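Asker: Just passing along the structure, written as structure tokens.
Any read-out appearing in this document is the output of simple, stated calculations on the displayed coordinates, not a laboratory observation. For clarity, every value in this text was computed on a predicted model and none was experimentally measured. Backbone-built Cβ (ideal geometry, glycine too); neighbour counts: all protein chains shown.
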Amino acid sequence: MNEPDALSKKVIGIIGGGQLGKMTAIAATKLGQKIHVFASAKDDPACSVADDFTIADFSDKKALESFAQSVDLITIESENIPCSAIDIDVNFYPGKKALHIAQNRLREKDFIRS
């Protein structure tokens with residue numbers, strides 16, 4: 001199976017260690033990617049399948065910046081991740097605007113209508 005060049009041998013960072021993070025990690029691992037999870041507790045589900053994990057509070061900017069330096073790209077587990085957790089100077093997929101919109105149903109409706 002040919003791996004896409006864009007994801008060839010990358011370390012994917014996942015902010016959030018819950019069940020959705022675990023499912024994302026499992027899928028990415030099947031594609032040959034390494035996974036580093038940023039979670040609030042080491043018994044969070046995604047940590048059990050990650051190659052590496054960082055345990056810290058989502059408000060810990062130093063830990064988040066260190067985490068960001070250790071990965072090639074970052075995604076978020078769900079819309080429940082605080083926007084402040086991605087208020088650091090790195091690219092996120094989906095982006096900060098998408099997270100902000102997804103955290104509020106009225107913003108989602110307004111966005112869809114626009």
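Asker: Pairs Lys10/Lys96; Lys42/Lys96; Lys9/Lys109; Lys62/Lys109; Lys30/Lys96; Lys34/Lys97: which exceed 32 Å Cα-Cα?
Answerer: Numbers: Lys10/Lys96 21 Å; Lys42/Lys96 25 Å; Lys9/Lys109 38 Å; Lys62/Lys109 35 Å; Lys30/Lys96 27 Å; Lys34/Lys97 26 Å.
As for pairs spanning more than 32 Å Cα to Cα, those are Lys9/Lys109; Lys62/Lys109.
Asker: Can you list the residues, at least 5 places off or on another chain, whose amide H is less than 5 Å from the amide H of Leu73, using H built in the peptide plane?
Answerer: Amide H to amide H, under 5 Å and 5 or more residues apart or across chains, Leu73 pairs with Val11, Gly13.
Asker: Amide H to amide H under 5 Å from Phe53: which residues, 5+ apart in sequence or cross-chain, H placed 1.01 Å off N in plane?
Answerer: For Phe53, whose amide H was placed from the backbone, the distant partners under 5 Å are Val37.
Asker: Next question, about the same structure. I'd like to compare 96-105, 34-43: which one has the highest average count of other Cβ atoms within 10 Å, and what's the full order after that? Before the final figure, lay out the partial values.
Answerer: Values: 96-105: 14.3, 34-43: 19.1.
Sorting 96-105, 34-43 by mean packing, highest first, produces 34-43, 96-105.
Asker: Modelling each spin label as a point 7 Å along the Cα-to-Cβ direction, I'd like the Phe111/Asn91 distance in nm, to one decimal.
Answerer: Going from the Phe111 label point to the Asn91 one covers 1.9 nm.
Asker: Moving on to the next point. If a helix is a whole DSSP H run, which ones in the chain reach 15 Å or further along their own axis (Cα) and hold a mean Kyte-Doolittle hydropathy of at least 0.0? Write out the running numbers ahead of the final one.
Answerer: Details: long enough: 19-30 (17 Å, 0.21).
Sorted by number, the helices that extend far enough and score high enough are 19-30.
Asker: With charges set only on the Cβ (+1 for Lys and Arg, -1 for Asp and Glu), what does the dipole of the chain come to about its Cα centre, in debye to the nearest 20? Don't skip to the end; give the middle numbers.
Answerer: Working: 14 positive and 16 negative charges, 70 e Å.
Using Cβ point charges on Lys, Arg, Asp and Glu, the chain gives about 340 debye.
Asker: How many nm is it between the label spots at Lys30 and Asp60, if each spot is 7 Å from the Cα in line with the beta carbon?
Answerer: 3.2
Asker: Could you pull the Cα extents of the chain along its three principal axes, largest to smallest, in whole Å?
Answerer: Largest first, the chain extends 40, 34, 26 Å along its Cα principal axes.
Asker: 7 Å from Cα along Cα→Cβ at both Asp72 and Asp52: what's the point-to-point distance in nm?
Answerer: Going from the Asp72 label point to the Asp52 one covers 1.4 nm.
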